[in-house]
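> Attaching a single structure in structure tokens format; questions to follow.
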Amino acid sequence: PCAAAPAPRPEPAAPRVYEDPIADAPPEYDPFAPPPSRRSRPRRNPARRWTAAAVVAGVSMLLGAGAILYSGAPGIAAGIASHFGLGIGGEAETPLRFTDKSVELRPMPNGSEAFVVSGKVMNPTDAQQRIPDIRVELRDGADQLVYSWRITPENRALGPKGSLDFTGAKLDVPPNAKVVELSFASEIGG
């Protein structure tokens, strides 16, 4: 009889190769070293950054204001100056003049009185001029300001040698007002 052939033996599996993270790591890596402390990293100071940003913004604003003042932009310069309490004039630079000024109290149907200011704006030049708002100031006997308002002209441009009538009225004006002053308001803040 035939003898059975012995069953083939399975070949032993190839040995598994395990990767060693320590052996494969770059030489400067020390797996047993403590984690880096916070003190070894550069500190970020948000207060210092905000302070630096504020200084840069402040210097920029001062340079801008200086450029405006230096360039001679009167309306802008007066507005900035008056905002910070500096004494650069509040009146607009204009050759226009007031004529035929009139002030009166007109009785109203409800029994109150309207304080009415009227007159003309004259352009004595040979060029068209821009008409700023008209500022009306009421002062008491001690020259203290007691009331003020603006009159916006019907037109903003006045031709050469031309004139424009204006009228403005207010109710409930303080009774201690003794003097009326008219001026041209600056474009900003006046």
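> Keeping all protein chains in place and using 1.4 angstrom, which order do Phe98, Phe32 fall into by accessible surface area, from largest down?
Phe32, Phe98
> For the range 108-149, with every protein chain kept in place, what is the accessible area per residue (1.4 Å probe, Å²)?
Accessible surface, normalised per residue, equals 50 Å².
> Tell me, what is the percent relative contact order of the range 99-184, built from C-alpha pairs under 8 Å that lie six or more residues apart?
Reported relative contact order: 35 percent.
> Quick check: pseudo-label points 7 Å beyond the Cα along Cα→Cβ at Glu154 and Val116, how many nm apart are they?
1.5 nm
> Keeping all protein chains in place and using 1.4 angstrom, which order do Trp50, Trp149 fall into by accessible surface area, from largest down?
Trp50, Trp149
> Please report the carbon-and-sulfur percent of the accessible area for the range 99-184; probe 1.4 Å, protein heavy atoms only, DNA, RNA and ligands left out.
47 percent
The values are calculated or read from the model by the stated rules, or taken from the named source; none is laboratory data. From a predicted model like this one, the values you see are computed outputs, not experimental measurements. FYI the Cβ positions are ideal-geometry reconstructions off the backbone, even for glycines, and counts take in every protein chain you see. Ligands, DNA and RNA are stripped out before the accessible areas are found, and what is left, the full protein with its side chains, is counted by its heavy atoms. Shrake-Rupley method; radii C 1.70, N 1.55, O 1.52, S 1.80 Å.
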